[in-house]
Amino acid sequence: MAHINRDGVPGKSATGIQGFDYITGGGLPHGRTTLLLGGPGSGKTVFALQTLANGAHGNEPGILVAFQESPRQVVENAAFFGLNVAELEKHRLVFLDARIRPNVVKSIELYLRGMLAAIKVVANEIGAKRIVFDSLEALLSVLDDPAARRNETLRLRDWLKESGFTAIIASRSDGDGPSPAQGEGSLQSMADCVVCLKHRADHPAAPRTLRVLKSRDSRFIGSEIPFLIGATGIELGRPQTDAPDSTARAPGAIAPEVASTREDFQARIKSIKHQLEIRKAELDFLMRSQAGKKSGVAGSRCAPLGKSAGKLKTRKTKPPNFRKR
């Protein structure tokens, strides 16, 4: 699922999310950190769960460190999208309860060090390759000093580099923009890849969109792309643009897609022709009816209105148109 390029540049770890691996040339940077930005309900946790589950089904076990929801809530949310993570628990996936209790935690520095040490132990037990921190601002929010927030962020960055995980740090963004929440700007500079999810809570009908803001040492499509959260999770549409050079495929590899597109196009054409034939038949019938009413001649199959006015009643109608679990 991951590889090293010939130039020695770390390759990609596939997320398994429809469309995302295409626009990024293979997925997330392998062994590096991705910052996942978005407001409440934008799909950050769904994105992270899909990435972890798909990796665990392959050869990359993972850990989710939950700072906001309990592990049980995370598992239930995953089941809602058809991600049966319960069967992967203990051996391929671990959910750690790291929710902050300000009345208990007196030193965030000691808490973070202890947490990272515990994660390392669990990672060694299951051979974890991927890790998600969801959502980091819940941890940093207990720090009032911006300098302290930055120091703890840098501590996490150094730990991730040393550990070699393919990591996702989920964090909220300010408003509808791609900027991290106030006081967390260092997150964007420390990440090797930044992905922004947008969803306007005040306009539920507005489409959700995803945009890759940066991805070091690799090419990507940086346009804003609509996506859906369906029965299987996030489904990303393919953009109307050329693929990155790093994902160029052999001509034979796209033959099935070309054939499928051609069949779909032919089916649409056939449907349109059928609809036109129906409309033409309706129009011919109406024209013959109107001609018969005006002329009243034999052969029109429409009796003159004068002869049938006393027999028929007419009416106007409209056409049918983590404690570890």
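Go through region 51-74 and give me each residue that's in a helix (DSSP H, G or I), open to solvent by 10 Å² or more (accessible area, probe 1.4 Å) and under 19 Å from Asp97 (Cα atoms). Correct list: Arg72, Gln73. Looking only at residues of region 191-207 that are hydrophobic (A, V, I, L, M, F, W, C) and touching a strand residue (DSSP E or B) at 6+ places or on another chain (Cβ under 9 Å), we find that the one that is farthest from Ser173 (Cα to Cα) is Ala206.
One line per residue, one yes/no per condition, for (1) at pLDDT 80 or above; (2) open to solvent by 10 Å² or more (accessible area, probe 1.4 Å); (3) assigned to a strand (DSSP E or B); (4) closer than 22 Å to Phe47 by Cβ:
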{"site": "Ile119", "(1), (2), (3), (4)": "yes, no, no, yes"}
{"site": "Asn124", "(1), (2), (3), (4)": "yes, yes, no, no"}
{"site": "Ala138", "(1), (2), (3), (4)": "yes, yes, no, yes"}
{"site": "Glu152", "(1), (2), (3), (4)": "yes, yes, no, no"}
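Considering (1) open to solvent by less than 70 Å² (accessible area, probe 1.4 Å); (2) at pLDDT below 95, the lone condition that Thr166 does not fulfil carries the number (2). Taking region 14-29 as the search range and keeping residues that are assigned to a strand (DSSP E or B) and open to solvent by less than 30 Å² (accessible area, probe 1.4 Å), which one is farthest from Phe227 (Cα to Cα)? Ranking the qualifying residues of region 14-29, first place goes to Pro29.
The values are calculated or read from the model by the stated rules, or taken from the named source; none is laboratory data. The structure displayed is predicted, hence computed values, not measured ones. FYI the Cβ positions are ideal-geometry reconstructions off the backbone, even for glycines, and counts take in every protein chain you see. Surface accessibility is based on the protein's heavy atoms, side chains included, excluding ligands, DNA and RNA. Shrake-Rupley method; radii C 1.70, N 1.55, O 1.52, S 1.80 Å.
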